[in-house]
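The values are calculated or read from the model by the stated rules, or taken from the named source; none is laboratory data. Since we're looking at a predicted model, the values are computed, not measured. Don't worry about glycine lacking a Cβ; one is built from the backbone with ideal geometry, like all the others, and counts go over all protein chains shown. Calculation scope for accessible area: heavy atoms of the full protein, side chains included, ligands and nucleic acids excluded. Shrake-Rupley method; radii C 1.70, N 1.55, O 1.52, S 1.80 Å.
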Amino acid sequence: MTIKDIARLSGCGVATVSRVLNGHPDVSEKTRQKVMAVVKEQGFQPNNNAKHLKQQASSSIAILVKGTMNLLFADLVEKLQALLQDAGETAAVYYLDEDANEVDFAQQLVRERRPRGFLFLGGNLELFKAGFAPITVPSVMLTNTAEKLGFENLSSFTTDDTLAARRVMELLAEQGHRCIGILGGDWACSQISYRRLVGCQEACKALNIPLDMDSQCELCRYSMPDAYAATRRLMKRRKDLTAIFALSDVMALGAIRALRDLGKRVPEDISVVGYDGIVTGQYFIPKLTTVQQDTQRLAKRGVETLLRRIDSDLPPIHELVPFQLISGESVAQL
């Protein structure tokens, strides 16, 4: 009699039976009673040696973090690890460069570590289109949407980036700003930054606000040093800007430092808005106006979906998680 036999006789998944036998709390009392009834009826005794060997051989949940300086992802990792620990799971976290191929790295992990599932923080959809098919373990993408990729083992949870960016531009317009700079990441059509840029373009068109891509927009990586340098380039080109929308809080903090070094006061001389809602921005001077992503909900839905998918053959789930536009002290009315 093995754990697979108990799973078959009880009508539960192997992972569920394992959690019951190991006393994990994330199992309903009805399911627990069903499993334990079969255990008692069959006189099943877990083989502790086999259990120990299996724990050594089996791999943990792999969390792949795209970018090494993204403070939003740092917050998400902390919440994901806590939720997985509460569920009796272990997690291995891998930090990749912003330009790295996370799908190739995941394939390597499948071969070498055999993870039970993946949580991708961020992700280049073009890389997933080209190389994700060989990965068959349950996976979840957070902060980007995989809905159009069509993989049965890949769910996703993200914020409506386009709508959130529109709200930011509308806020700036309400305060009288019509010459707004955009500080962003990779604007390839599959990227998160691109959807935020589209929101900016849609809002400017609806509000009849000029937005010249060549002069008002500046690419940069998701880091303070890159944003600092990009802001100086942007301000050298467009000295008439009255506001900057940085497509992440990390970029916004780098931008504010650059503006200060250029002799500009925020928000008295130029307003700045960020995106993400990281804790640091709320203790910064000035307190940052930003789009706050619900990291607790993103993490909770991601972990719940991944563990359920590991335990049973469920279809993928793709959801938009609500956001909030948080008013700080970094925007002034003209």
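Assuming Lys66 fulfils every condition listed in (1) at pLDDT 85 or above; (2) under 21 Å from Leu307 (Cα atoms); (3) open to solvent by 20 Å² or more (accessible area, probe 1.4 Å) apart from one, which condition is it?
Among (1) at pLDDT 85 or above; (2) under 21 Å from Leu307 (Cα atoms); (3) open to solvent by 20 Å² or more (accessible area, probe 1.4 Å), Lys66 violates only (2).
Looking at Ala206, Ala165, which one is in a helix (DSSP H, G or I) and either at pLDDT below 95 or over 26 Å from Gly254 (Cβ atoms) (or both)?
Exactly one of Ala206, Ala165 is in a helix (DSSP H, G or I) and either at pLDDT below 95 or over 26 Å from Gly254 (Cβ atoms) (or both), namely Ala206.
How about region 207-228: which of its residues are touching a residue at least 40 places away in the same chain (Cβ under 8 Å) and open to solvent by 30 Å² or more (accessible area, probe 1.4 Å)?
Selection gives Arg221, Tyr222, Met224.
Condition first: at pLDDT below 70 and part of a helix (DSSP H, G or I). Now tell me which residues in region 33-50 satisfy that.
Result: Asn48, Asn49, Ala50.
If you go through region 268-284 one residue at a time, how many are in a loop (DSSP other than H, G, I, E, B), β-branched (Val, Ile, Thr) and under 23 Å from Arg195 (Cα atoms)?
Matching residues across region 268-284 total 1.
Filter region 81-91 down to the residues that are farther than 18 Å from Leu142 by Cα and either of a type in the set (Asp, Glu) or surrounded by fewer than 16 Cβ atoms within 10 Å (Cβ to Cβ) (or both) and list them by number.
The answer is Gln85, Asp86, Gly88, Glu89, Thr90.
What about Tyr194, is it within 25 Å of Gly263 (Cα to Cα) and either under 19 Å from the mean Cα position of the chain (by Cα) or surrounded by 20 or more Cβ atoms within 10 Å (Cβ to Cβ) (or both)?
Criteria not met by Tyr194.
Identify, please: which residue in region 241-273 is acidic (Asp, Glu) and surrounded by fewer than 24 Cβ atoms within 10 Å (Cβ to Cβ) and is, among those, nearest to Gly67 (Cα to Cα)?
Asp261
Name the single residue that is surrounded by the fewest Cβ atoms within 10 Å (Cβ to Cβ) among those in region 95-117 being among the small types (Gly, Ala, Ser) and either without any contact (Cβ under 8 Å) to a residue 24 or more places away in the chain or more than 18 Å from Asp311 (Cα to Cα) (or both).
Ala100
Looking at Arg232, Arg265, Arg257, which one is without any contact (Cβ under 8 Å) to a residue 40 or more places away in the chain and in a loop (DSSP other than H, G, I, E, B)?
Arg265
Taking Arg196 as the residue in question, decide whether it is touching a residue at least 60 places away in the same chain (Cβ under 8 Å) and assigned to a helix (DSSP H, G or I).
yes
I'd like to verify a number: residues in region 152-167 that are out of contact with any Pro (no Cβ under 7 Å at 6 or more places or on another chain) and under 17 Å from Leu307 (Cα atoms), how many?
2
Identify the residue in region 274-284 that is in contact (Cβ under 8 Å) with a residue 24 or more places away in the chain and at negative phi and, among all such residues, is most open to solvent (accessible area, probe 1.4 Å).
The selected residue is Val279.
The rows are residues; the columns are (1) without any contact (Cβ under 8 Å) to a residue 60 or more places away in the chain; (2) surrounded by 19 or more Cβ atoms within 10 Å (Cβ to Cβ); (3) not in a loop (DSSP other than H, G, I, E, B).
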| residue | (1), (2), (3) |
| --- | --- |
| Val93 | yes, no, yes |
| Leu119 | no, yes, yes |
| Gly123 | yes, yes, no |
| Leu127 | yes, no, yes |
| Ile135 | yes, yes, no |
| Met141 | yes, yes, yes |
| Phe151 | no, no, no |
| Ser156 | no, yes, yes |
| Leu171 | no, yes, yes |
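Let me spell it out: the conditions are (1) in a helix (DSSP H, G or I); (2) among the small types (Gly, Ala, Ser); (3) at pLDDT below 75; (4) open to solvent by 40 Å² or more (accessible area, probe 1.4 Å), and Ala74 meets all of them except one. Which number is the exception?
The single condition Ala74 does not satisfy is (3).
Considering each residue of region 304-334, count those that are part of a loop (DSSP other than H, G, I, E, B) and either touching a helix residue (DSSP H, G or I) at 6+ places or on another chain (Cβ under 9 Å) or open to solvent by 70 Å² or more (accessible area, probe 1.4 Å) (or both), and give that number.
Counting residues in region 304-334 that are part of a loop (DSSP other than H, G, I, E, B) and either touching a helix residue (DSSP H, G or I) at 6+ places or on another chain (Cβ under 9 Å) or open to solvent by 70 Å² or more (accessible area, probe 1.4 Å) (or both) gives 15.
Mind listing just one residue for me: the one in region 285-303 that is more than 17 Å from Gly122 (Cα to Cα) and surrounded by fewer than 16 Cβ atoms within 10 Å (Cβ to Cβ) and, of those, modelled with the highest pLDDT?
The extreme case among them is Lys287.
Just to be sure before I move on: is Ile244 out of contact with any Asp or Glu (no Cβ under 6 Å at 6 or more places or on another chain), aliphatic (A, V, I, L, M) and outside any helix (DSSP H, G or I) in the structure I sent?
So Ile244 passes the test.
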